[in-house]
Amino acid sequence: MSRSISLDAFLTQLDLIAASSPRYRLGGDGSDGTCDCIGLIIGAIRRAGGAWPGIHGSNYAARHEVSGLQPIASAAALSVGDLVFKSRDPGASGYALPSRYADHPDPLDYYHVGVVRSTAPLTILHCTTPGIVTDSKLGKWRHHGWLNCISQKGEAPMTPTNATVTAQQGSTVNLRESPGGALVARIPVGDTVTIIAQQNGWAQITHGDLTGWMKAEYLAASGDAITLELPADVARQLLSALTAALGQCAP
C-alpha cells in the first residue's frame, strides 16, 4: 500500500513538474526533463513523499492504485485531484490491453490518464506528445476516480481504527477491490478489521494480508453497540436461560 500524502502536496508537485515543461517520453516521471501520462502522476507522488508500489502504466493505476473508478456522468461530477482516464472497449480500434490483465474482470484498456486540476473552469492536466497539455472539455475522458495514497479533498489521513464486521443477515460481508469493484474476499461476520480510510459510505480496511473496501454500514467501530437479530426460538431459549440464571442469583 502506498504511503499517504496530502492532496495539496500532490498538486503542488504536479504543478512543479508541469512548469518544467518536460518532453514526452515513454517511462519518464519528470525527474530527467521527460514524462509520460502516468509518469507525471508517479513523479508528483514521489516528490510529495509518497511511493508508487507497482507497474509504470495507466492500466495498472486504474486497477490497483485508484478507488471509486466509475464512468464520468458529467463534468460536474469531477473533483480537483481526480484521476481521469481515456479507455477503449474490447474490439475497438487501438484496443491493446496488456496480457497481464487478460483474466481481470474489467476488460477496458485504460490507455491514457490525466489529473483534474480545476473544475470551474474545467482543466485536465496530462502529458502526451509533445509534452504537458491542458484540456478544458471532457472529450474522450470516460472514467474518473481518486488515488488511494491521497485524500480526495485535502483531508488528513485518518488514524487506523479497529472495527467489527456486522450484518443483520448472512454470515459474511463482501470485501471489494474498490468501492463497488471486483470481489476480493468474503469476511466472516464478527471478525475484527482495521479501517484505514473512508470515502462516500465505503471504508478501506485491512484483514490479515488482505486490503480492500467494504460498505461502512457493515462495520461497527470499537465501542459501538452491535444489534443482533436472532431467530424467535433461539431468542426464547436465551431469554429462558437468562431468567433462570437471574432467579438463582436472587437474594
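Could you order the peptides 186-196, 5-15 from most to least packed, using the average number of other C-beta atoms within 10 Å per residue?
Ranking the peptides 186-196, 5-15 by packing returns 5-15, 186-196.
Please get the size of the charge dipole for the stretch 60-176, origin at its Cα centre, with Cβ charges of +1 on Lys and Arg and -1 on Asp and Glu, quoted in debye to the nearest 20.
180
In the stretch 36-116, how does Rg compare with the Kirkwood Rh, expressed as the Rg/Rh ratio over alpha carbon atoms?
0.96
If R₀ is 41 angstrom, what is the calculated FRET efficiency for the pair residue 16 and residue 198, using the beta carbon separation as r and rounding to 0.05?
0.85
Since every read-out is calculated from the coordinates, none of them should be taken as a lab result. Note that this is a predicted model, so its numbers are computed, not measured. We place every Cβ from the backbone using ideal geometry, glycine too, and count neighbours over all the protein chains shown.
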